Amino acid sequence: MTLRLGRQSFADDRLLVMAIVNRTRDSFYDRGATYAEDAALERVRRVVDEGAEIVDIGGVKAGPGPDVSPEEELRVTAGFVARVRAEFPDLVISVDTWRASVGRAVCQEGADLLNDAWGGHDPGLTEVAAEFGAAYCCTHTAGATPRQPPHRVTYRDVVRSAIDDTVLLAERCVAAGVPRESVLIDPAHDFEKTTWHSLELTRRLDEMVATGWPVLVSLSNKDFVGETLDQPTGGRLTGTLAATAISAWHGARVYRAHEVVETRQVLDMVASIRGVRPPATSTRALA
Amino acid sequence: MRAAVVPLTPLLVRSESGLADPVAELREEAVDAVRQLAEGVLRITALCPVDIVGAPADYWWPSGRPGTGPLSEQVARHLVELAGVDVELEVLLVSEIGPAPVADALLVLGDGTACRSQAAPGFIDERAFPVDDLIADALEGGDGDALARLDQDLAAELLVTGRHTFAMLGAAMLASRRTVDAELRYRDDPFGMTYFVAIWS
């Protein structure tokens with residue numbers, strides 16, 4: 001199914017890179033590197049140049065930390081979305097938020113996609129997406145409170161839970177008026193999950209893909225990669241790319257990533273192995 | 001009355017932490033405590049927290065290890081199995097403070113606070129430190145009164161899974177009207193959550 005993300009539509013064989021742009025002081029990977037607005041804009045320019053179709057702007061660290069009020073979140077996202085929109089009229093702009101008030105403000109400034117990283121915690125967010133014709137990403141967080149770390153979480157079947165919860169939320173989005181072709185589902189690796197759970201979700205991602213809803217994966221440098229390979233945040237790219245390749249093979253459509261160039265290469269390589277993308281060049285033994 | 005206090009972290013089951021074994025010493029102490037608890041008795045009564053944060057009533061092992069039921073009960077059964085003792089295990093599921101249990105050998109499942117570091121399950125809360133100190137002092141000193149009077153509301157905020165079972169241990173000891181030889185054999189917080197192993201006899 002063609003995926004419509006606000007002002008852009010993408011054919012179903014396109015694999016999309018969503019570049020992470022944090023307007024936070026304390027996110028686990030970049031640790032405030034793009035908290036300053038100019039630095040964040042510079043990052044947007046770079047990731048667009050590197051081939052990202054989507055930027056995902058976030059104003060609140062996912063993990064626990066100092067409280068970020070809706071006002072503070074608005075302050076770092078809404079105006080910035082406007083600046084990005086002004087410079088990149090065709091770029092798909094996503095905003096990572098769970099708050100309807102923030103969603104409304106960023107949609108007014110031209111955001112195309114609301115990436116609800118906390119799985120419908122604020123039901124008003126779907127209404128906002130519907131009102132503005134924005135796309136919506138439904139994540140599986142098993143009812144977790146935003147920013148609370150997982151603690152002895154358990155599932156009879158984590159994949160079943162992820163499918164049931166995200167599909168329910170997706171249908172709720174459609175019922176609220178979000179176009180069906182603008183709804184994504186995300187198993188949300190690490191969110192309310194152990195490393196075992198995130199590995200199983202990756203291994204069985206084809207089951208989520210089989211629901212027919214386009215799947216977004218957010219794998220980049222996460223703890224499940226770090227724990228699996230015993231690597232600190234700076235040493236997780238190889239593991240991230242391995243998980244990216246498996247997810248692409250299973251049919252995920254959108255890849256939320258810190259490293260755009262490497263992610264794009266993996267996606268191109270998998271697409272070519274699958275046979276849906278010709279090699280960039282092929283002259284070997286053909287002269 | 002004899003009692004052993006052990007945590008209920010899933011990591012006590014060796015398969016759950018992958019290739020590494022970050023709680024080897026804790027497991028050894030817990031298994032030793034269970035072994036000592038079982039000496040000369042036919043039955044151990046386990047006080048198993050359930051239906052509170054950190055003590056799910058139905059726990060499926062993330063690694064795929066077979067088993068269902070309350071996490072605390074599964075951990076208790078596993079420790080008894082590791083201890084290799086031939087005793088009957090009676091399980092009391094505890095979701096709130098119940099009557100003081102009457103038993104020859106009590107296996108008390110429970111963890112301390114879970115709010116001792118930025119990576120802790122409950123993030124960091126300065127109030128956690130004196131609460132863990134109070135529990136540790138009580139376990140080390142055989143102070144049933146202190147455990148029975150544990151501030152339940154504060155302990156709930158700090159995600160103390162042992163708040164009910166520790167209080168019941170304290171009440172059982174007070175009811176027995178005897179003093180105990182108490183030993184705190186392990187106390188640490190490797191993941192920002194305090195684990196205790198203690199034995200009272």
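The values are calculated or read from the model by the stated rules, or taken from the named source; none is laboratory data. Quick caveat, the model's predicted, so the values are computed rather than measured. Using ideal geometry, Cβ is built from the backbone for each residue, glycine included, and neighbour counts are taken over all protein chains shown. Protein only, heavy atoms only, side chains kept; ligands, DNA and RNA dropped before computing areas. Shrake-Rupley method; radii C 1.70, N 1.55, O 1.52, S 1.80 Å.
Any residue in segment B:1-13 that is part of a loop (DSSP other than H, G, I, E, B) and buried (at least 24 other Cβ atoms within 10 Å of the Cβ) sitting within a Cβ distance under 6 Å of a residue that is modelled with pLDDT of 95 or more and of a type in the set (Lys, Arg)? List the pairs, counting only those 6 or more apart or interchain. That search, which allows pairs on different chains as well, returns nothing.
Residue count for segment B:65-84 under the criterion of being at the interface with another protein chain (Cβ under 10 Å from one of its Cβ atoms) and open to solvent by less than 60 Å² (accessible area, probe 1.4 Å): the result is 1. Number of residues in segment A:4-26 that are open to solvent by less than 10 Å² (accessible area, probe 1.4 Å) and either farther than 13 Å from A:Ile54 by Cα or out of contact with any strand residue (DSSP E or B) (no Cβ under 9 Å at 6 or more places or on another chain) (or both): the value is 1.
Candidates in segment B:37-57 are the residues that are touching a Pro at 6+ places or on another chain (Cβ under 6 Å) and part of a loop (DSSP other than H, G, I, E, B); of these, the one that is surrounded by the fewest Cβ atoms within 10 Å (Cβ to Cβ) is B:Ala57. When the residues of segment A:228-247 are narrowed to those that are without any contact (Cβ under 8 Å) to a residue 40 or more places away in the chain and of a type in the set (Ser, Thr, Tyr), which ends up most open to solvent (accessible area, probe 1.4 Å)? The residue in question is A:Thr238. In this entry, B:Val102 passes the filter for residues that are more than 16 Å from B:Ala4 (Cβ to Cβ), touching a residue at least 12 places away in the same chain (Cβ under 8 Å), more than 14 Å from every other protein chain (Cβ to nearest Cβ) and not in a helix (DSSP H, G or I).
Selection within segment A:172-182: residues that are within 16 Å of A:Met1 (Cα to Cα) and assigned to a helix (DSSP H, G or I). The member of this set that is least open to solvent (accessible area, probe 1.4 Å) is A:Ser182. Filtering segment A:114-155 down to residues that are within 14 Å of chain B (Cβ to nearest Cβ) and either among the small types (Gly, Ala, Ser) or under 18 Å from the mean Cα position of the chain (by Cα) (or both), which residue is nearest to A:Val167 (Cα to Cα)? Per the criteria, the residue is A:Ala142.
The set of residues in segment A:223-241 that are under 17 Å from the mean Cα position of the chain (by Cα) and either more than 14 Å from chain B (Cβ to nearest Cβ) or of a type in the set (Asp, Glu) (or both) comprises A:Asp223, A:Leu237, A:Thr240, A:Leu241. The number of residues in segment B:153-180 being outside any helix (DSSP H, G or I) and modelled with pLDDT of 95 or more comes to 5. Number of residues in segment A:156-185 that are closer than 16 Å to A:Met208 by Cα and touching a helix residue (DSSP H, G or I) at 6+ places or on another chain (Cβ under 7 Å): the value is 6. Scanning segment B:181-201 for residues that are open to solvent by less than 60 Å² (accessible area, probe 1.4 Å) and hydrophobic (A, V, I, L, M, F, W, C), we see that the one that is farthest from the chain's Cα centre (by Cα) is B:Ala182. Any residue at all in segment A:94-106 that is under 30 Å from B:Ser17 (Cβ atoms) and over 16 Å from the mean Cα position of the chain (by Cα)? No.
Within the set A:Asp206, A:Asp190, the sole residue that is within 14 Å of chain B (Cβ to nearest Cβ), touching a residue at least 12 places away in the same chain (Cβ under 8 Å) and either in a helix (DSSP H, G or I) or more than 27 Å from A:Ala11 (Cβ to Cβ) (or both) turns out to be A:Asp190. Among the candidates B:Leu150, B:Leu134, the residue that is on the phi < 0 side of the Ramachandran plot and part of a loop (DSSP other than H, G, I, E, B) is uniquely B:Leu150.
The residue pairs whose first member lies in segment A:248-260 and is touching a residue at least 60 places away in the same chain (Cβ under 8 Å), whose second member is of a type in the set (Ser, Thr, Tyr) and surrounded by fewer than 23 Cβ atoms within 10 Å (Cβ to Cβ), and whose beta carbons are closer than 6 Å, counting only pairs six or more residues apart or on different chains, are A:His258/A:Tyr29.
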